[in-house]
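Q: Mind having a look at this structure? Questions to follow.
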Amino acid sequence: MKVAYYQRKPRPGFNFSIESIFDDVRERLKDCVEAKVVLSPRYNDSYYSKLVNIWSAHQRESNHINHITGEVHFLNLIMTKSRVVLTVHDCSMVNRKKGLARVVVKWLYLTAPVWKARTVTTVSEATKREIIQYAGCPADKVHVIPVAVSPMYKPAPRNFNQIRPTILHIGTSYNKNLLRLAQALEGLDCKLTIVGKLSREQEDELRLRNISYENRYNITPEEMYKQYVDCDMLAFASTSEGFGMPIVEANAVERPVVTGNVTSMPEVAGDAACLVDPYNVDDIRRGIERVINDSTYREQLIQNGRRNRLRFDADTIAHSYYRLYRKIQNAD
């Protein structure tokens with residue numbers, strides 16, 4: 001079986017998580033799938049560059065299975081529909097737009113690519129519902145295949161520092177909700193570790209709230225794992241996630257998690273996280289304080305996380321893609 005994976009042109013200094021996910025899938029399927037990676041020739045900085053990338057994808061499409069991954073859904077607009085698998089990780093590209101820009105982006109990134117694909121995969125039931133809503137496609141066209149947790153993320157037991165815990169926060173984009181987290185932590189004796197480049201507004205808010213923090217970005221996967229090992233808990237009170245990989249990574253390292261009660265996060269976390277209203281600063285603080293002060297509850301979250309992590313086994317998920325490829329191949 002042959003599968004071509006279409007991906008964004010990588011930017012120096014940036015790590016695209018969806019691409020690394022499929023690096024692992026290809027490695028696990030190497031004995032049964034002959035894979036190649038097709039990179040777009042240009043960054044997606046303008047509509048002209050998108051047109052160049054669309055034409056390039058058409059010229060380079062395989063006669064076998066073409067799997068589009070990453071935020072380049074539109075690459076299939078002039079490809080052969082019957083051979084295209086499209087993975088949509090989330091719908092944030094539409095959610096963050098307004099007015100005419102939202103209409104254009106919705107058509108370019110979701111409506112047209114979804115209809116032009118043979119099959120669509122996504123990472124959660126919450127995102128599947130959004131895809132169906134935006135694209136108006138049949139529900140049975142969209143298959144949920146979760147994200148696998150990297151084998152790098154192994155248990156690393158740690159005595160919880162109840163006096164001055166280290167709280168890990170991952171991501172600084174608008175949906176990661178760092179400003180409200182800073183407000184929630186005001187007056188709490190803790191150290192905040194933030195992964196992701198801070199904006200001036202975020203730096204000002206952290207100083208205003210007198211938060212003790214350190215900031216890391218452009219780090220390697222090994223360094224990312226170490227952030228989990230060195231923390232006491234994960235605060236991931238995001239307002240929107242297509243999946244929410246930090247939840248599962250923290251589960252795997254055996255750290256308690258506080259996360260949002262919206263979009264995909266309850267689905268991914270199950271009973272292995274303290275769910276809070278990400279729009280309510282007081283609720284975020286209550287969740288964090290409960291994890292810090294209630295050792296029985298904290299240990300239960302860690303125990304539940306050990307079980308939850310098993311739902312995202314890398315071999316199981318890789319073979320879910322293989323079964324999907326085989327189904328498409330046998331139908332032709």
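The values are calculated or read from the model by the stated rules, or taken from the named source; none is laboratory data. Note that this is a predicted model, so its numbers are computed, not measured. With ideal geometry, Cβ positions are generated from the backbone for all residues, glycine too; neighbour counts draw on all protein chains shown. The area values use the complete protein model at the heavy-atom level, side chains included, leaving out ligands, DNA and RNA. Shrake-Rupley method; radii C 1.70, N 1.55, O 1.52, S 1.80 Å.
Q: In whole percent, what relative contact order does the chain give with Cα contacts below 8 Å and a gap of six or more residues?
A: 15
Q: Another question about this same structure. Relative contact order for region 213-317 using alpha-carbon pairs under 8 Å, separation at least 6, rounded to a whole percent?
A: About 25 percent, as a whole number.
Q: With +1 on each Lys and Arg Cβ and -1 on each Asp and Glu Cβ, and nothing else charged, work out how big the dipole of the chain is about its Cα centre, in Debye to the nearest 20.
A: Roughly 1160 debye for the chain.
Q: Just check region 251-332 against the gyration tensor rule for me: Cα atoms, a ≥ b ≥ c as the square roots of the eigenvalues, rounded for a/c under 1.5, and otherwise prolate or oblate depending on whether a/b exceeds b/c.
A: Cα axes put region 251-332 in the oblate bin.
Q: Which entries in the list K9/K197; K2/K154; K81/K197; K98/K226; K141/K226 go over 29 Å, if you measure between the two C-alpha atoms of each?
A: Violating the 29 Å Cα-Cα cut-off are K2/K154; K81/K197; K98/K226; K141/K226.
Q: Based solely on its DSSP helices, what 222 nm [θ] is calculated for the chain when runs of n ≥ 4 H residues each add -39,500 (n - 2.57) and the sum is averaged over all residues, nearest 500 deg cm²/dmol?
A: -12500 deg cm²/dmol
Q: For W55, W115, give the ranking by accessible area with the largest first, probe 1.4 Å.
A: Highest to lowest solvent-accessible surface, that is W55, W115.
Q: Averaged per residue, what accessible surface does the chain expose to a 1.4 Å probe, in Å²?
A: 46
Q: At 1.4 Å probe size, what's the solvent-accessible area of Y279? Round to the nearest 10 Å².
A: Surface accessible to solvent at Y279 totals approximately 130 Å².
Q: Within the P(r) computed for region 92-145, what percentage of the Cα pairs occupies the region above 15 Å?
A: Considering region 92-145, 43 percent of its Cα-Cα pairs are separated by more than 15 Å.
Q: Classify region 193-283 from the C-alpha gyration tensor, please: rounded if a/c falls under 1.5, else prolate or oblate depending on whether a/b exceeds b/c.
A: Oblate shape, in that a/c is at least 1.5 and b/c is the bigger or equal ratio.
Q: First check a/c for region 1-76, with a ≥ b ≥ c the square roots of the eigenvalues of its C-alpha gyration tensor; if it is under 1.5, answer rounded, and if not, answer prolate when a/b is larger than b/c or oblate otherwise.
A: Taking the square roots of the gyration eigenvalues as a ≥ b ≥ c, region 1-76 is oblate.
Q: Which order do the peptides 90-99, 245-254, 216-225 come out in when sorted by mean C-beta neighbours inside 10 angstrom, highest first?
A: Those peptides, ordered most packed to least, come out 245-254, 90-99, 216-225.
Q: Compute, for C274, the solvent-accessible surface of its heavy atoms (probe 1.4 Å) with the complete set of protein chains present, and express it in square angstrom to the nearest 10.
A: 10
Q: Follow-up. Please name which of F243, T316, V85 has its Cα lying farthest along the dipole of the chain towards the positive end, using unit charges on Cβ (Lys, Arg +1; Asp, Glu -1) and the Cα centre as origin.
A: Toward the positive end, the furthest listed residue is V85.
Q: Whole Å is fine, so just give me how far the alpha carbon centre of region 278-307 lies from that of region 87-107.
A: Between the Cα centre of region 278-307 and that of region 87-107, the gap is 33 Å.
Q: For region 57-212, which whole-number percentage of the solvent-accessible area (1.4 Å probe, protein heavy atoms only) is attributable to carbon and sulfur atoms?
A: Roughly 50 percent, rounded to a whole number.
Q: Per-residue accessible area for I302 at 1.4 Å probe radius, Å² rounded to 10?
A: Here the residue's solvent-accessible area equals roughly 20 Å².
Q: Now, a different point. In region 191-332, if the dipole is taken from +1 on Lys/Arg beta carbons and -1 on Asp/Glu beta carbons about the Cα centre, which of L192, N261, N293 is farthest to the positive end?
A: N261
Q: Leaving out ligands, DNA and RNA, what percent of the accessible area of region 263-332 is carbon and sulfur, probe 1.4 Å?
A: Carbon and sulfur: 46 percent of the exposed surface of region 263-332.
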